[in-house]
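These notes concern the structure reproduced below.
The values are calculated or read from the model by the stated rules, or taken from the named source; none is laboratory data. In this text the structure is predicted, and so the values were computed from the model without any measurement. Reconstructed Cβ throughout: ideal geometry from the backbone, glycine too, with neighbour counts over all protein chains shown.
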């Protein structure tokens with residue numbers, strides 16, 4: 001079973017970190033050179049929480065201790081066994097340990113993009129964000145920030 005992690009860190013007022021990188025299948029099919037998406041990776045034997053913290057540090061350059069697991073989804077249960085664990089967390093400039101960008105030894109060349117949640121939602125609406133896991137996270141977090149808090 002392929003298991004991916006998807007992560008959308010947040011600071012107030014509602015700023016998020018995204019990655020922008022070449023995704024060869026999308027480039028070959030649609031000519032899109034760079035894709036905006038949430039930080040993600042494969043478990044490779046680690047727990048979901050361990051792996052997402054490692055991916056955050058490698059791709060985004062932040063050392064995060066606590067992450068919030070939001071939910072889990074199967075990508076397409078009728079055809080593949082891929083499951084995605086969705087996370088979020090808070091981050092601050094004090095937690096920045098590097099420029100991020102991924103591991104060069106793994107062929108990663110990742111640009112870190114900081115934006116507002118509102119702008120990310122607009123990028124979904126205009127088709128600038130086309131990655132499904134990222135769209136799910138943006139929509140979920142947008143709804144959560146609009147929902148009234150119960151006392």
### Message
On the basis of being closer than 21 Å to residue 62 by Cβ, in contact (Cβ under 8 Å) with a residue 60 or more places away in the chain, in contact with a strand residue (DSSP E or B) (Cβ under 9 Å, 6 or more places away or on another chain) and surrounded by fewer than 17 Cβ atoms within 10 Å (Cβ to Cβ), does residue 98 make the cut?
### Response
no
### Query
Do you know which residues across the stretch 85-108 are out of contact with any helix residue (DSSP H, G or I) (no Cβ under 6 Å at 6 or more places or on another chain) and in a loop (DSSP other than H, G, I, E, B)?
91, 92, 97, 98, 99, 101, 107, 108
### Task
Within the stretch 120-143, track down each residue that is without any contact (Cβ under 8 Å) to a residue 60 or more places away in the chain and either loosely packed, with under 13 Cβ neighbours inside 10 Å or in contact with a helix residue (DSSP H, G or I) (Cβ under 9 Å, 6 or more places away or on another chain) (or both).
121, 124, 125, 126, 127, 135, 139, 142, 143
### Residues satisfying the stated conditions in the stretch 109-137, i.e. in contact with a strand residue (DSSP E or B) (Cβ under 7 Å, 6 or more places away or on another chain) and part of a loop (DSSP other than H, G, I, E, B)
109, 110, 128, 129, 130, 131
### Query
Looking at residue 67, is it under 21 Å from residue 49 (Cα atoms), surrounded by 13 or more Cβ atoms within 10 Å (Cβ to Cβ) and in contact with a strand residue (DSSP E or B) (Cβ under 9 Å, 6 or more places away or on another chain)?
yes
### Query
How many residues are assigned to a loop (DSSP other than H, G, I, E, B) and over 13 Å from residue 131 (Cα atoms) when one looks only at the stretch 19-43?
3
### Any hit, the stretch 44-67, residues being assigned to a helix (DSSP H, G or I), modelled with pLDDT under 90 and under 19 Å from residue 16 (Cβ atoms)
no
### Task
Being closer than 12 Å to residue 115 by Cα and modelled with pLDDT under 90 is the filter; apply it to the stretch 9-32 and report the residue that is surrounded by the fewest Cβ atoms within 10 Å (Cβ to Cβ).
12
